[in-house]
Amino acid sequence: MSSSSDKSKDIQDTTKRDFLYLTAASMGAVAAGSVVWPLVDQMNPAADTLALSTTEVDLSPIKEGQSITVVWRGAPVFIRKRTHAEIEESRGVDVSTLRDKESDEDRTQKAEWLVMTGICTHLGCIPLGQKSGDQKGDYGGWFCPCHGSHYDTAGRIRKGPAPKNLIVPPYEFLDDTTLRIG
């Protein structure tokens, strides 16, 4: 009789032990989760950053040949309504002669609108060429006064130390007069 009682006690002890192991493991998992979650959550962008993730621009007041600068994610974005002559000049360039081989068609969604980040790809200066009195460089586009990079009317690097064209940010036309950057 005692052997049956011992087996019953062993089974009862095993059941208690298993319960304690499961309970301890569950508590450990909850504790680990409460430590890891704040570390993961802090990597999410802040609300003010998310608010700046897109910028909408009204294009209706911009006349042909005029440029404006807007701010997107803390960086200047150049928007230019190009003239027919600027478009023809940009499309007439032999892409194989360029340092950063990108055609005008690849840089624009609509030929008359050029949208690009206004930061020189050499060392991050802001090129001149947005205002009517600014020096536009040898190719009629933009000129970086810091180290002498010259960009053409499509924002492509043509001369100077900059390794890449001015960057085209993600953008879309919501309608004929509204542009969303980001």
Which of the residues spanning region 130-143 are surrounded by fewer than 22 Cβ atoms within 10 Å (Cβ to Cβ) and within 15 Å of W113 (Cα to Cα)? Q130
Some residue of region 165-180 being part of a loop (DSSP other than H, G, I, E, B) and over 21 Å from T55 (Cα atoms): yes
Could you tell me whether G65 is in contact (Cβ under 8 Å) with a residue 12 or more places away in the chain and loosely packed, with under 10 Cβ neighbours inside 10 Å? no
Residue hits (region 118-162; in a strand (DSSP E or B) and under 15 Å from Q66 (Cα atoms)) are L128, G140, G141, W142
Residues (buried (at least 18 other Cβ atoms within 10 Å of the Cβ), more than 13 Å from I79 (Cβ to Cβ) and among the hydroxyl-bearing types (S, T, Y)) located in region 98-129: T121
Answer with yes or no whether S96 is in contact with a helix residue (DSSP H, G or I) (Cβ under 6 Å, 6 or more places away or on another chain), part of a helix (DSSP H, G or I) and over 20 Å from T177 (Cα atoms). no
Residue count, region 144-169 (criterion: under 25 Å from L59 (Cβ atoms), surrounded by fewer than 23 Cβ atoms within 10 Å (Cβ to Cβ) and in contact with a Lys or Arg (Cβ under 8 Å, 6 or more places away or on another chain)): 2
Can you pull out every residue in region 81-95 that is of a type outside the set (A, V, I, L, M, F, W, C), closer than 13 Å to G140 by Cβ and free of Cβ contacts under 8 Å to residues at least 12 places away in the same chain? E88, G92
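Rule-based calculations on the coordinates, nothing more; no lab input. Please read all numbers here as calculations on a predicted model, not as lab measurements. A quick note on method: Cβ atoms are made from the backbone with ideal geometry, for glycine too, and the neighbour counts reach across all protein chains shown.
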